[in-house]
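**Q** Below you will find the structure I want to go over with you.
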Amino acid sequence: MDFVVAYYGNQAGAAAAISELVRNDTYITFGWTGANTVTVGVGDYEVNITFWLLGLPTPGDTLAAQLTWLRGNAQSGNRYVVKITADEYISPALTALPTGRTDLTVTLVANARSEIRLSANGALFEVVYGVTLVLGENVTLVGRSAGGNNTTALVWVNSGGTLEMNAGVRIMGNTGWGGGVHVSGGTFTMRSGEISGNTAWSGSGSGGVHVGGGTFAMHGGEISGNTTTDRNSGGGVGVRDGTFAMHGGEISGNSATGSQSGGGVSVRGGGTFTMRGGEISGNSATGNNCGGGVHVGSWGTFQIENGVIHGSDAEEGLRNTGPGGAALSVSDGTAQYGTFDPVTSEFRPSGTLFTTDLTIEVRNGLLINLARRAAFTITFAQTRDMAPTIPLPREVLR
């Protein structure tokens, strides 16, 4: 058997955790077989445990104290761990990450669910050039919503900065000029977690995530329950002059009230949204010429290889709703389905998508229309002597 364990500090501290991992205090063999691997014999079993260094522990009892130490002492090329031991209210002036470094990684970890809340207006974290900020399990970032008076997004990712979000992380509750996350030339990788309950005012962009340059890669988790009142924006995600790559997860339950917007996703102005997996559902848009699931505006590009964008024909709770197209609204942009080259990632279009109220489902670059999905349901149901579970068009019933 093989295990991978994340740790911080040194090998001696990591080795001390082995007894709990294997649930046995008596080892037949115990020894380091490599720089980061230890072999443990437990009864008749031999276990190889590889330890992954998260980083060096950062001195300080509070978040503010640890970040202050990092600003004065962190060295380029190193990895550091900031441990959150309790809920904290903190001013943006105290959460600044180190500047003038390269290849510096800072990882936030918490043993139990811990909230970091803003006590004043501003960004909770601004990820700058040369810095990677990793949000570990149980960390929750909470913005300001009382009176809707924050002046910026909760987290900013600037050019040359990198943000990584893992399971159990939440970015939530920020209202004002800017929503949850603003990517401006940097890189954001969302492996899991939740970006929810954020609101962007008119003139301030998208509710959950705004990509104004740079790259956002979503592999899992959810972007849900966010709102924008701005025009040309997305309730969940808005992309301009950058790329949002959706590989999995869901964008759901978001809303947009401004014109030319998308309840779930808005892409325009040179931005690109690629969908290789995942689901867009339950979003709503009420403004003029809006798409409930996705709106593709001027100079925007939408490309889908795999995934589902639910329309008015979907079950209640999954349906996207919007006056310009429940699933998709296209105005002066480009929307296509097809495949991505496995080596170059170049998109190879198979066809064009147009404004529609009906569900869009693409599997491996093939567009699955309503009749085909209904036929699949009939076949599935008949093998189990069950009635079809979705309404069927007359063409299928004949």
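**Q** Going by the conditions given, is Phe380 at pLDDT 95 or above and not acidic (Asp, Glu)?
**A** No: the conditions fail for Phe380.
**Q** Looking at the structure I just gave you, is Gly160 assigned to a loop (DSSP other than H, G, I, E, B) and closer than 25 Å to Ser284 by Cβ?
**A** Considered against the rule, which asks whether it is assigned to a loop (DSSP other than H, G, I, E, B) and closer than 25 Å to Ser284 by Cβ, Gly160 comes out as no.
**Q** Quick check on the stretch 21-39. Is at least one of its residues at pLDDT 90 or above, not in a strand (DSSP E or B) and not hydrophobic (A, V, I, L, M, F, W, C)?
**A** Scanning the stretch 21-39 turns up no residue that is at pLDDT 90 or above, not in a strand (DSSP E or B) and not hydrophobic (A, V, I, L, M, F, W, C).
**Q** Residues of the stretch 123-151 being among the polar types (S, T, N, Q), within 20 Å of the chain's Cα centre (by Cα) and more than 13 Å from Leu163 (Cβ to Cβ), which ones?
**A** Asn138, Thr140
**Q** A follow-up question, please. Are any residues in the stretch 289-316 assigned to a loop (DSSP other than H, G, I, E, B), touching a Gly at 6+ places or on another chain (Cβ under 6 Å) and over 20 Å from Gly269 (Cα atoms), and if so, which ones?
**A** Matches in the stretch 289-316: Glu305, Asn306.
**Q** Something else about it: On the basis of being buried (at least 24 other Cβ atoms within 10 Å of the Cβ) and more than 23 Å from Ser192 (Cβ to Cβ), does His310 make the cut?
**A** So His310 fails the test.
**Q** Taking the options Arg319, Arg348, Arg363, name whichever one is modelled with pLDDT of 95 or more, among the charged types (D, E, K, R) and out of contact with any strand residue (DSSP E or B) (no Cβ under 8 Å at 6 or more places or on another chain).
**A** The conditions single out Arg363.
**Q** Tell me which of these Gln66 doesn't satisfy, since it passes every other one: (1) buried (at least 19 other Cβ atoms within 10 Å of the Cβ); (2) without any contact (Cβ under 8 Å) to a residue 40 or more places away in the chain; (3) within 20 Å of Val183 (Cα to Cα).
**A** (3)
**Q** Here's another thing I want to ask about it. Contact list please: Cβ distance under 6 Å, first residue in the stretch 74-92 and surrounded by 13 or more Cβ atoms within 10 Å (Cβ to Cβ), second residue among the charged types (D, E, K, R), pairs at least six apart or on different chains.
**A** Asp87/Glu115
**Q** Looking at the stretch 253-288 only, could you name the residues that are closer than 16 Å to His310 by Cα and outside any loop (DSSP other than H, G, I, E, B)?
**A** Listed by number, the residues that qualify are Ser255, Gly262, Val265, Ser266, Met275, Glu279, Ile280, Ser281, Ser284, Ala285.
**Q** Taking only the stretch 255-280 into account, find how many residues are over 14 Å from the mean Cα position of the chain (by Cα) and either surrounded by 23 or more Cβ atoms within 10 Å (Cβ to Cβ) or among the acidic types (Asp, Glu) (or both).
**A** Within the stretch 255-280, residues that are over 14 Å from the mean Cα position of the chain (by Cα) and either surrounded by 23 or more Cβ atoms within 10 Å (Cβ to Cβ) or among the acidic types (Asp, Glu) (or both) number 10.
**Q** Let me ask you something else. State all residues of the stretch 235-248 that are surrounded by fewer than 21 Cβ atoms within 10 Å (Cβ to Cβ) and part of a loop (DSSP other than H, G, I, E, B); if no residue qualifies, say none.
**A** Asp241, His247, Gly248 - these are the residues of the stretch 235-248 that are surrounded by fewer than 21 Cβ atoms within 10 Å (Cβ to Cβ) and part of a loop (DSSP other than H, G, I, E, B).
**Q** A follow-up question, please. Can you tell me which of (1) in contact with a His (Cβ under 7 Å, 6 or more places away or on another chain); (2) touching a residue at least 40 places away in the same chain (Cβ under 8 Å); (3) hydrophobic (A, V, I, L, M, F, W, C) is the one Val308 doesn't meet?
**A** (1)
**Q** So Asn232 passes all but one of these: (1) surrounded by 22 or more Cβ atoms within 10 Å (Cβ to Cβ); (2) on the phi < 0 side of the Ramachandran plot. Which condition number does it fail?
**A** (2)
**Q** Also, quick follow-up: Looking at Arg319, Arg348, which one is under 17 Å from Ile280 (Cα atoms), surrounded by fewer than 23 Cβ atoms within 10 Å (Cβ to Cβ) and not acidic (Asp, Glu)?
**A** Of the residues listed, the single one that is under 17 Å from Ile280 (Cα atoms), surrounded by fewer than 23 Cβ atoms within 10 Å (Cβ to Cβ) and not acidic (Asp, Glu) is Arg319.
**Q** Do we have any residue at all in the stretch 143-164 that's under 21 Å from Ala256 (Cβ atoms), out of contact with any strand residue (DSSP E or B) (no Cβ under 7 Å at 6 or more places or on another chain) and at pLDDT below 95?
**A** Within the stretch 143-164, one or more residues are under 21 Å from Ala256 (Cβ atoms), out of contact with any strand residue (DSSP E or B) (no Cβ under 7 Å at 6 or more places or on another chain) and at pLDDT below 95.
The values are calculated or read from the model by the stated rules, or taken from the named source; none is laboratory data. Just so it is clear, the structure is predicted and the values come from calculations on it, not from any experiment. Note that we place each Cβ from the backbone using ideal geometry, even for glycine, and neighbour counts take in every protein chain shown.
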